[in-house]
Amino acid sequence: MAISSTKSRGNMRLALALSLIVPRAGWAVPVVSPGSPDSKGGEALSAKVEPKSTAGTFGLSYFTFFDGPALAGNFGVTPNWLGRPLDDGLSFFNLVSLKYRVSETLAIDYQLRVQVLVNNGTGSAGFEQVRWHSPRIGISGKLASGENWTLSGAVNTDFPYLFPAPFGGGFVAEKRTVLFNPGLFANFSYKVPGSKWSFFTLITPRFFVYEDRDAAEPQLTQGGLSPGLKPELALQFSPSLTYELTEKVGLRMGTVIDYRKLVLSSWNPFSASFRTADVNSEAWRLWATPLQVGVNLALSKALNIYTFVNTYPIAAQRERRDGSRASFAETASVGMWINGTLF
């Protein structure tokens with residue numbers, strides 16, 4: 001009996017040790033950056049060894065956009081392409097995706113969106129440092145993949161602004177009276193075989209339905225725009241190229257390509273203009289196209305950091321409503337993306 005009891009206790013200790021050593025594969029849609037060790041094959045491997053557990057049923061990922069200080073002028077705000085304040089102050093816009101797995105590749109995705117303003121750089125009345133934005137609900141997962149590429153993301157929409165928090169009632173949605181805005185929040189990652197180069201882009205097209213087409217937040221006017229210039233259909237991509245210096249560090253250059261049908265635009269997509277602030281034109285707009293150059297740090301699956309300098313090189317897009325034009329330096333700022341998958 002003593003020998004049997006000792007052997008039983010030994011087996012229990014061995015089982016406990018193995019349970020601590022062998023990793024527990026979780027499930028979540030990864031948001032990866034170029035050069036990340038998880039950008040090729042990591043998700044497929046975790047899917048093969050994933051146990052049936054709470055970690056496999058639920059997922060949690062995040063994406064934070066930091067709009068940082070100007071490089072000239074008012075350092076307390078982030079300038080837009082017109083040299084006007086992008087918002088009331090420096091801002092962290094945080095997206096947190098909570099996922100419930102419904103199949104091997106798809107999940108119900110509830111995306112919380114909270115903005116934190118570091119300061120009130122414009123001295124705005126009624127300033128709120130923390131802003132709740134209407135969350136989004138949709139279906140997310142790995143949409144497609146190949147040997148060197150992956151397309152993952154979510155098809156989702158805001159809850160109507162009329163809904164109470166924590167579902168509706170978001171700051172911008174309420175000011176613009178957004179009823180729903182179906183769209184895609186996805187990322188595409190491609191690693192060039194046998195090369196240090198990789199390609200990454202966010203894919204974020206979205207269609208907006210408003211209750212009041214003439215309503216908007218005061219920050220839009222403060223930024224040199226007007227309610228008629230809010231988007232009705234936005235076809236947006238954020239492509240970037242990364243050159244891998246080390247396994248975790250890369251040099252990265254990117255932009256945002258955003259072609260918009262505005263509230264005041266006609267439905268003719270071939271009528272186009274660079275002049276984003278023009279309220280007298282029914283043309284679609286190639287929205288402000290920045291140049292972003294910086295360093296990408298793929299530290300782990302849970303933490304990727306991209307820091308960059310942001311400028312607007314297309315002079316025609318820097319033209320204001322009064323005919324003046326912002327200088328190249330007036331539109332320069334510092335920005336950062338932080339993202340990862342926690343489980």
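All of the numbers you see were taken from the coordinates with simple rules; none came from a lab. Note that the structure is a prediction, hence the values are computed from the model and not measured. Cβ: placed from backbone, ideal geometry, glycine included. Neighbour counts: every protein chain shown.
Summing Lys and Arg as +1 and Asp and Glu as -1 over all other residues whose Cβ lies under 15 Å from the Cβ of M253 gives a net charge of +1. Highest mean packing comes first when the peptides 82-89, 335-342 are listed by Cβ atoms within 10 Å, giving 82-89, 335-342.
With the charge dipole of the range 261-333 set up from +1 on Lys and Arg Cβ and -1 on Asp and Glu Cβ about the Cα centre, the Cα lying farthest toward the positive end among the listed residues A302, S266, L291 is that of A302.
Of the cross-linked pairs K99/K248; K196/K230; K99/K191; K99/K196, which ones have a Cα-Cα span greater than 30 Å in the structure shown? Present the calculation step by step, with values, prior to reporting the outcome.
Working: K99/K248 27 Å; K196/K230 40 Å; K99/K191 27 Å; K99/K196 33 Å.
Those over the limit are K196/K230; K99/K196.
Between I257 and A302, what is the FRET efficiency for a Förster distance of 25 Å, r being their Cβ-Cβ separation, to the nearest 0.05?
Working: r = 29 Å, r/R0 = 1.16.
Step by step, r from the Cβ atoms, then E = 0.30.
Here the simple spin-label model places points 7 Å from the Cα toward Cβ, and for T57 and V155 these points are separated by 2.6 nm. Sorting 70-79, 277-286 by average packing, meaning the other beta carbons within 10 Å per residue, from highest down gives 70-79, 277-286.
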